[in-house]
Structure formats: C-alpha cells, structure tokens
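Worksheet: one structure, shown below.
Read-outs throughout are calculated quantities, based only on the coordinates presented, and are distinct from any laboratory measurement. What you see is a predicted model, and the numbers here were worked out from it, not measured in a lab. Note that each Cβ is placed from the backbone with ideal geometry, even for glycine, and that neighbours are counted across all protein chains shown.
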Amino acid sequence: MKIALYPGSFDPITKGHISIINKAVPLFDILYIGIGENNTKKHLFPLEKRINWIKKIFENNPKVKVITYKNLTVDLCREIDAKYIVRGLRTYSDFEYEKKLAYNNQTLNHNIETVFFIPDLKYINISSTIVRDIYMHGGDISFFVPELLIN
Ligand code: ADP
C-alpha cells in the first residue's frame, strides 16, 4: 500500500490545495490530509469547519482521508504508515522553505520522501493567507475556494 500524507493548516482549504490533492491522489492508495493543530499560527476558521469542508469536498473519493494531529509530521507518518509527504510548490520562496522542511523531515525519519506538485497554473497565486485577508475585509473569495465554503 502506498500511503501519503499532505500536511498543512488548510485555513481555509483553497482551489490550490485541491489542485495538489487531485494530482497526488492517482499516485497513492491512501492520501491523508493532515490538519496540524500545534503550530504557532493563529487560525481564522475553526478546526471543525476545516475538517468538515475537506471531508465534504472529497466525500466521493474513498482514497482521501482527513486527520488532525498535534505531534511532529514525521511521527504522524509513522503512526499511519505513510512513506510519502505531499507538498505544493508555487514560488522560489516556497521551494526554499519546502526544501528545508523536506531535508529536516528526512533527517528525522529516513523512510520518508517528500513529493512536490505544482498546481494548475490558474491557481498558482492562491494562498490561504490572502484568502483570509480578503475574507476578513468582506471581499469576494469565490475564485479562490470551492463553492461549499461560500454557502
Ligand atoms: P502550511 O501552514 O504548512 O504552510 P498551508 O495549508 O498553507 O499549510 O499549505 C500546505 C501546503 O500546500 C504547502 O506545501 C503549500 O506550499 C501548499 N499550497 C498552498 N497553496 C497552494 C497553491 N495555491 N498551489 C500549490 N500549493 C499550495
């Protein structure tokens, strides 16, 4: 079984994340979407909402499972037997940051490979941070997130 983990904050899940998930899913038997709870980031959307949105979006895809975690990503990988971490790349700065993360995770757990995907081009400029900002100022986020989040 090829098991992968896509960790992140998903605050909120965007069409960029969804593009990454759709590209990763065919390569694995199970893709866990891991919502990290223990980082220092302040969240805008409650955890329950973030979980339910992702569950609903992928309700017809039994390969996609949602999980939350408070420990290290590599320790979660051990628990769920994931040998692959999925991450998305948009920019050079993403690459620099993600490269560090991937090497550090490899140092902590030699059995893990990080696999990177680029999103569909139209979603490359989407970030949850910008979506949160637009949302907080009452702007229209419909281009950035699935319809489910608007209603
Ligand atoms: P984190 O707090 O770990 O950065 P995010 O939810 O912001 O969590 O992002 C999780 C992963 O998804 C990261 O690898 C990030 O680069 C990637 N990602 C976020 N938005 C996009 C996008 N629009 N296109 C491709 N990858 C993305």
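Consider Lys42 carefully, then state whether it is charged (D, E, K, R), farther than 21 Å from Asn151 by Cβ and touching a residue at least 60 places away in the same chain (Cβ under 8 Å).
Numbers: charged (D, E, K, R): yes; farther than 21 Å from Asn151 by Cβ: yes; touching a residue at least 60 places away in the same chain (Cβ under 8 Å): no.
No.
If I filter segment 78-93 down to residues being at negative phi and away from the ligand (no atom under 13 Å from the Cβ), which single residue comes out as nearest to the chain's Cα centre (by Cα)?
Of the residues in segment 78-93, the ones at negative phi are 78-80, 82-93.
Then keep just the ones that are away from the ligand (no atom under 13 Å from the Cβ); that gives 78-80, 82-84.
Values: Arg78: 18, Glu79: 18, Ile80: 16, Ala82: 15, Lys83: 16, Tyr84: 13 Å.
Once the filter is applied, the top-ranked residue is Tyr84.
So Phe117 clears everything in (1) within 25 Å of Met1 (Cβ to Cβ); (2) more than 9 Å from the ligand (Cβ to nearest atom); (3) surrounded by 14 or more Cβ atoms within 10 Å (Cβ to Cβ) except one condition, right? Which one?
In the conditions (1) within 25 Å of Met1 (Cβ to Cβ); (2) more than 9 Å from the ligand (Cβ to nearest atom); (3) surrounded by 14 or more Cβ atoms within 10 Å (Cβ to Cβ), Phe117 misses (2) alone.
Mind checking whether some residue in segment 16-31 is within 16 Å of Gly88 (Cα to Cα), without any contact (Cβ under 8 Å) to a residue 40 or more places away in the chain and within 11 Å of the ligand (Cβ to nearest atom)?
No, that holds for no residue.
Only one of these is loosely packed, with under 15 Cβ neighbours inside 10 Å, within 14 Å of the ligand (Cβ to nearest atom) and within 21 Å of Ile3 (Cβ to Cβ): Glu37, Glu59, Glu96. Name it. Steps first, please.
On the way: Glu59 fails: within 14 Å of the ligand (Cβ to nearest atom); Glu96 fails: within 21 Å of Ile3 (Cβ to Cβ).
Going through Glu37, Glu59, Glu96 in turn, just one is loosely packed, with under 15 Cβ neighbours inside 10 Å, within 14 Å of the ligand (Cβ to nearest atom) and within 21 Å of Ile3 (Cβ to Cβ): Glu37.
Please enumerate the residues belonging to segment 120-151 that are under 21 Å from Asn52 (Cα atoms), surrounded by 13 or more Cβ atoms within 10 Å (Cβ to Cβ) and not hydrophobic (A, V, I, L, M, F, W, C).
Answer for segment 120-151, where residues must be under 21 Å from Asn52 (Cα atoms), surrounded by 13 or more Cβ atoms within 10 Å (Cβ to Cβ) and not hydrophobic (A, V, I, L, M, F, W, C): Ser127, Ser128, Arg132, Tyr135, Pro146.
Mind listing whichever residues of segment 1-15 are surrounded by 18 or more Cβ atoms within 10 Å (Cβ to Cβ), away from the ligand (no atom under 11 Å from the Cβ) and over 17 Å from Asn71 (Cβ atoms)?
Hit for segment 1-15 is Ala4, nothing else.
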